[in-house]
Amino acid sequence: MVYSSVALIALVITFIINYDIFKGALNADSNLQKIFSSYRDLLIGEIVFFVSDALWGILYEAELIKLTYIDTVIYFLAMAATVFLWIRCVIVYLAEKNISSKLLFFGGVLFLAIEVVSLIVNIFYPIVFSMDGGVYTTGPMRFVTLGLQVIMFTLTTIYALIFIPRSTVEKRNRYITIGAFGLVMILFISIQFYYPLLPLYAMGLLLGSCLLHTFVLEGERKLRRRELEEALSREKLQVEELIKTKLMAYTDSLTGVRNGHSLVEEEAKVNEAIFNGTLKEFALVAFDINGLKMVNDTYGHNEGDKFIQDGCKLITDTFKESKVYRVGGDEFVAVLEGNDYNNRFDLLEEFERKVDDNLSKGLVVVSSGLGEFDLDIDKRYRSIFLRADKKMYERKRKLKNL
């Protein structure tokens, strides 16, 4: 049972530290998914080995010879499989498609094939192990197998360490860890030569897997997480830049209110709402600044620009919750929203009082006209605007007469 306890502890620890890998909660990109997938295959091979190793101690002590023989065959197959899966894991992680990786993979396949053939031959002639008289005895092929494992782990260690000089600082430590896994296995397998009845191979696998999970897989996840955060940050900046660009494209540079391009979008939304029958309440006010041509001709365009800004301020100071658009040199439209819509008549009256006061003081004068959506007659935004525009010109003539 002492022999089996090591494998059982290794089995439990493997499940605990790799719970997320077995559960499949990886949330990784395709490249990292391949790495996790190959690592999970390696873990499955290790688990089969740990189970067979644990059972071997129990069955051997219970003197269940036939079952011990079958379990020993599984033990050797699982051992060979872990070597092959480890080789594949290294190749997938390093992602180098070259002749070295192909030869290394071929070596892993060849080693696995040799082990399978040896175990088949062992049924007729005990070249790997025997259970004569209920006593486990190692055969010559057992030592050949261990020697081949040392060679394969040595090759994977060398293969991983080759990439260290040309890797990033972050990757360098992970490549060293991969090399360390191979060195750990070489050490424990070498000791296994002299102590075949000690669970040294299981101890080596457990230690190597802990190193991989701590320094390689967690490092990859942190790197991918940081890359994802950086990508999201870049995307956020791009969205912000796009919003800024759109605001610039849809904002009148002189007054800071929306421009005619923006009103085109608003008009399209209103038309769609009318067509769908979802527009219930809608109103706008058309504005025109009186006397702009005279100001430009008399005082220059700089004063004309200031005149436009003063007229715009008069509109925005009154219709504070509405979208205001500059649609021409001296023309504006306010699409009434919120309290501005609810109090439209009072606000229009207030606005006209301000204009009358400005007229008496020689300040900027702005004509205005209100247009409201009528469900029975309005089929498009344009008809609402034309009514507002007509009222605005009526107001304009009145102000000129004054």
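The values are calculated or read from the model by the stated rules, or taken from the named source; none is laboratory data. Remember, it's a predicted structure, so these values are computed and weren't measured experimentally. Methodologically, a virtual Cβ is constructed for each residue, glycine included, from the backbone with ideal geometry; neighbour enumeration extends over all protein chains shown.
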Inside the stretch 128-143, can you point out the residues that are in contact with a helix residue (DSSP H, G or I) (Cβ under 8 Å, 6 or more places away or on another chain) and surrounded by fewer than 16 Cβ atoms within 10 Å (Cβ to Cβ)? M131, G134, F143
Out of E337, E303, E321, E281, report the one residue that is touching a Lys or Arg at 6+ places or on another chain (Cβ under 8 Å), modelled with pLDDT under 95 and either of a type outside the set (F, W, Y) or not assigned by TED's automatic domain parsing to the domain that holds V365 (or both). E337
With respect to T72, is the statement that it is at pLDDT below 85 and surrounded by 18 or more Cβ atoms within 10 Å (Cβ to Cβ) true? no
Do the conditions hold for D357, that is, is it under 23 Å from K320 (Cα atoms) and either surrounded by fewer than 13 Cβ atoms within 10 Å (Cβ to Cβ) or at pLDDT 95 or above (or both)? yes
Members of the stretch 162-201 found to be among the aromatic types (F, W, Y) and farther than 21 Å from W56 by Cβ, listed by number: F163, Y175, F181
Members of the stretch 364-398 found to be of a type in the set (A, V, I, L, M), surrounded by fewer than 17 Cβ atoms within 10 Å (Cβ to Cβ) and under 18 Å from F332 (Cα atoms), listed by number: L386
Only one of (1) surrounded by fewer than 17 Cβ atoms within 10 Å (Cβ to Cβ); (2) modelled with pLDDT of 80 or more fails for L211. Which number is that? (2)
Being touching a strand residue (DSSP E or B) at 6+ places or on another chain (Cβ under 7 Å) and free of Cβ contacts under 8 Å to residues at least 24 places away in the same chain is the filter here, so list the residues in the stretch 360-398 that pass it. R387, K390
Of the numbered conditions (1) modelled with pLDDT of 90 or more; (2) in a loop (DSSP other than H, G, I, E, B); (3) of a type in the set (A, V, I, L, M, F, W, C), L198 fails exactly one; give the number of that condition. (1)
Quick check: anything in the stretch 97-113 farther than 23 Å from L206 by Cα, modelled with pLDDT of 90 or more and over 38 Å from the mean Cα position of the chain (by Cα)? yes
Any idea how many residues of the stretch 323-339 are without any contact (Cβ under 8 Å) to a residue 60 or more places away in the chain and closer than 19 Å to R387 by Cα? 5
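Every residue, every condition in (1) in contact (Cβ under 8 Å) with a residue 12 or more places away in the chain; (2) of a type in the set (G, A, S), yes or no:
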| residue | (1), (2) |
| --- | --- |
| D252 | yes, no |
| E267 | yes, no |
| G277 | no, yes |
| T298 | no, no |
| N302 | no, no |
Can you tell me which residue in the stretch 119-178 is nearest to I189 (Cα to Cα), limited to those that are under 48 Å from the mean Cα position of the chain (by Cα) and basic (K, R)? R174
If a residue has to be in contact with a helix residue (DSSP H, G or I) (Cβ under 9 Å, 6 or more places away or on another chain) and assigned to a helix (DSSP H, G or I) to count, how many in the stretch 340-388 make the cut? 15
For the list (1) more than 37 Å from the chain's Cα centre (by Cα); (2) assigned by TED's automatic domain parsing to the domain that holds G362, I need the number of the one condition that E272 fails. (1)
Please state which one of F193, F188, F143, F153 is part of a helix (DSSP H, G or I), in the same structural domain as Y69 (by TED's automatic domain parsing) and without any contact (Cβ under 8 Å) to a residue 24 or more places away in the chain. F188
So in the stretch 303-339, with the set limited to residues that are hydroxyl-bearing (S, T, Y) and touching a helix residue (DSSP H, G or I) at 6+ places or on another chain (Cβ under 6 Å), which one is farthest from R258 (Cα to Cα)? T318
